[in-house]
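Undergrad: The structure that follows is given in the form of structure tokens.
Throughout, read-outs are computed from the coordinates displayed, never taken from laboratory work. Computed from a prediction, not measured in an experiment: that's the story for all the values here. Cβ coordinates were reconstructed from backbone atoms using ideal geometry, including for glycine residues, and neighbour counts include every protein chain displayed.
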Amino acid sequence: CGTAAHVPSHLAASVSSGCFGDVVDLPLDLAKARRLVAAMRRERWTNEGTRSVAVEINTYNANYDTATAVRAQVDAHPGGKLDPSIEMWSCRFSMYATSADIVRLFL
């Protein structure tokens with residue numbers, strides 16, 4: 001540990017110091033995901049030493065041609081305080097696809 005060199009680049013901004021921890025990708029199959037979460041609970045994947053838990057969700061809206069990434073996170077401080085936070089990033093794939101978009105460009 002010590003440095004964030006082993007952290008994926010899209011998560012590097014959220015890692016301040018120390019060890020990164022575990023990354024668990026849940027399968028899209030509901031039954032498999034429930035089994036994995038049950039196994040994580042059984043193995044006590046969070047405990048008194050857990051510093052942070054984050055859930056990341058990516059969505060795409062075809063009607064607006066927009067992708068959104070959501071990150072819900074709870075940070076635990078040594079004194080017991082919990083800091084919840086939610087961040088959202090959206091981007092439109094075709095910025096200037098319609099005539100209304102071109103007008104908006106010059107406004």
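Undergrad: Stretch THR98-VAL37 to full length: gain in nm at 0.36 nm per residue minus the Cα-Cα span? Don't skip to the end; give the middle numbers.
TA: Numbers: separation 61, 0.36 × 61 = 21.96 nm, distance 4.42 nm.
Working it through step by step, the gained length comes to 17.5 nm.
Undergrad: Return the loop-located trypsin sites (Lys or Arg not before Pro) in region 42-81 (DSSP other than H, G, I, E, B) with at most 14 other Cβ atoms within 10 Å of their own Cβ; answer none if there are none. Mind dumping the intermediate values first?
TA: Working: sites: ARG42, ARG44, ARG51, ARG71, LYS81; in loops: ARG44, ARG51, LYS81.
The qualifying sites are ARG44, ARG51, LYS81.
Undergrad: Okay, moving on. According to a simple spin-label model (label point 7 Å from Cα along Cα-to-Cβ), what is the distance in nm between ILE57 and LEU30?
TA: 1.5 nm
Undergrad: Sticking with this structure for a sec: Suppose the chain between THR68 and LEU105 were pulled fully straight at 0.36 nm per residue; how much longer would it get relative to their current alpha carbon spacing? Intermediate values should be presented prior to the final figure.
TA: Numbers: separation 37, 0.36 × 37 = 13.32 nm, distance 2.17 nm.
Length gained, THR68 through LEU105: 11.1 nm.
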